[in-house]
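Participant: Below is the structure I would like to discuss, written out as structure tokens.
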Amino acid sequence: MKKFPIALQVYSVRDDAEKDFAGTMRLVKEMGYDGVELAGLYGQGSAVACKAILDELGLELISAHVPMNALDEDAILDDYAAACVKYVAIPWYDAPKSEEELAKTIEHFRKTGERCKVRGIQLLYHNHDFEFGKISGKYILDSYYAGLSEDLLKTELDTCWVNVGGENPADYVRKYSGRSPV
């Protein structure tokens with residue numbers, strides 16, 4: 001049977017990681033995880049510095065949650081690219097309230113996806129429940145994916161929030177199975 005690697009989102013242990021990143025990551029490895037998804041830099045200063053610690057411990061740096069305002073900075077994207085991060089997820093983005101705001105959001109995502117792509121990084125979107133609000137009869141989340149090609153935006157579905165948003169998580173996993181790399 002094929003073994004699938006399992007990674008931990010460091011956000012789950014963020015308080016401990018902030019106090020002692022290397023020690024916390026050592027414990028994560030001892031628990032049996034193959035890799036991690038960063039959600040901050042935990043006092044290390046850069047993604048490259050985090051990766052050096054993870055490499056030493058035998059943990060793969062799978063992905064990172066990076067706030068959208070940080071993704072607008074080339075130096076930040078360059079740091080994640082230098083750390084060989086394959087996937088960067090937008091962890092939160094205020095929901096648009098109109099067609100005009102939705103179009104602006106999609107355009108912002110498109111430009112960010114293009115800037116990621118030239119660095120060898122795939123942009124992802126991490127949902128919450130508010131993306132199941134509707135604009136013009138469509139879920140905001142579905143509008144994001146309909147408005148952008150897969151090479152510019154893939155998904156990191158949070159099934160708990162899909163459920164809270166009123167949809168069946170299994171149906172959403174199937175709906176975006178080809179667009180969900182992590």
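Participant: For the chain, what is the accessible area per residue in Å², given a 1.4 Å probe and the full set of protein chains?
Facilitator: Details: 9330 Å² over 182 residues.
I get 51 Å² per residue for this part.
Participant: Considering only C-alpha atoms, what is the centroid distance from segment 15-52 to segment 152-182, in Å?
Facilitator: Computed from Cα coordinates, the inter-centre distance equals 26 Å.
Participant: A further question follows. In nm, what is the difference between 0.36 nm times the number of residues separating Lys134 and Arg110 and their Cα-Cα distance? Before the final figure, lay out the partial values.
Facilitator: Details: separation 24, 0.36 × 24 = 8.64 nm, distance 2.05 nm.
Value of the extension gain: 6.6 nm.
Participant: Based only on Cα atoms, what Rg/Rh ratio does segment 76-180 have, Rh being taken as Kirkwood's radius?
Facilitator: Working: Rg = 13.6 Å, Rh = 14.1 Å.
Answer for segment 76-180: 0.97.
Participant: Additional query: Which residue fluctuates the most in the chain, going by a Gaussian network model with Cα springs under 10 Å, if the choices are Leu38, Leu57, Leu124?
Facilitator: In this elastic network of the chain, the residue with the biggest mean-square fluctuation among Leu38, Leu57, Leu124 is Leu57.
Participant: Identify which of Ala83, Ala170, Ala64 has the largest mean-square fluctuation in a Gaussian network model of the chain, with springs joining Cα atoms closer than 10 Å.
Facilitator: Comparing Ala83, Ala170, Ala64 in a Gaussian network model of the chain, the most mobile one is Ala170.
Participant: So how far apart, in nm, are the two label points at Asp15 and Glu56 if each is 7 Å from Cα heading toward Cβ?
Facilitator: 2.6 nm
Participant: When the accessible area of the chain is computed with all protein chains present and a 1.4 Å probe, what percentage of it is carbon and sulfur?
Facilitator: Values: 4930 of 9330 Å².
Carbon and sulfur together cover 53 percent of it.
Participant: Right, here's the next one. Given the DSSP H assignment, sum -39500 (n - 2.57) over each helix run of at least 4 residues in the chain and divide by its residue total; what's the result at 222 nm in deg cm²/dmol, nearest 500?
Facilitator: Working: 9 runs with 80 residues, N = 182.
About -12500 deg cm²/dmol.
Participant: Counting C-alpha atoms alone, how compact is the chain: give Rg to one decimal and Dmax as a whole number, in angstrom.
Facilitator: Spelled out, the Cα radius of gyration and Dmax of the chain are 16.7, 50 Å.
Participant: Here is a follow-up. With a cut-off of 8 Å between alpha carbons and a minimum separation of six or more residues, what is the relative contact order of segment 97-163 in percent? Working shown, then result.
Facilitator: Working: 68 pairs, mean separation 27.0, N = 67.
The normalised contact order for segment 97-163 reaches 40 percent.
The values are calculated or read from the model by the stated rules, or taken from the named source; none is laboratory data. These numbers come from a predicted model, not from an experiment. Methodologically, a virtual Cβ is constructed for each residue, glycine included, from the backbone with ideal geometry; neighbour enumeration extends over all protein chains shown. The protein model used for the area step is the full one, side chains on, heavy atoms only, and it has no ligands, DNA or RNA in it. Shrake-Rupley method; radii C 1.70, N 1.55, O 1.52, S 1.80 Å.
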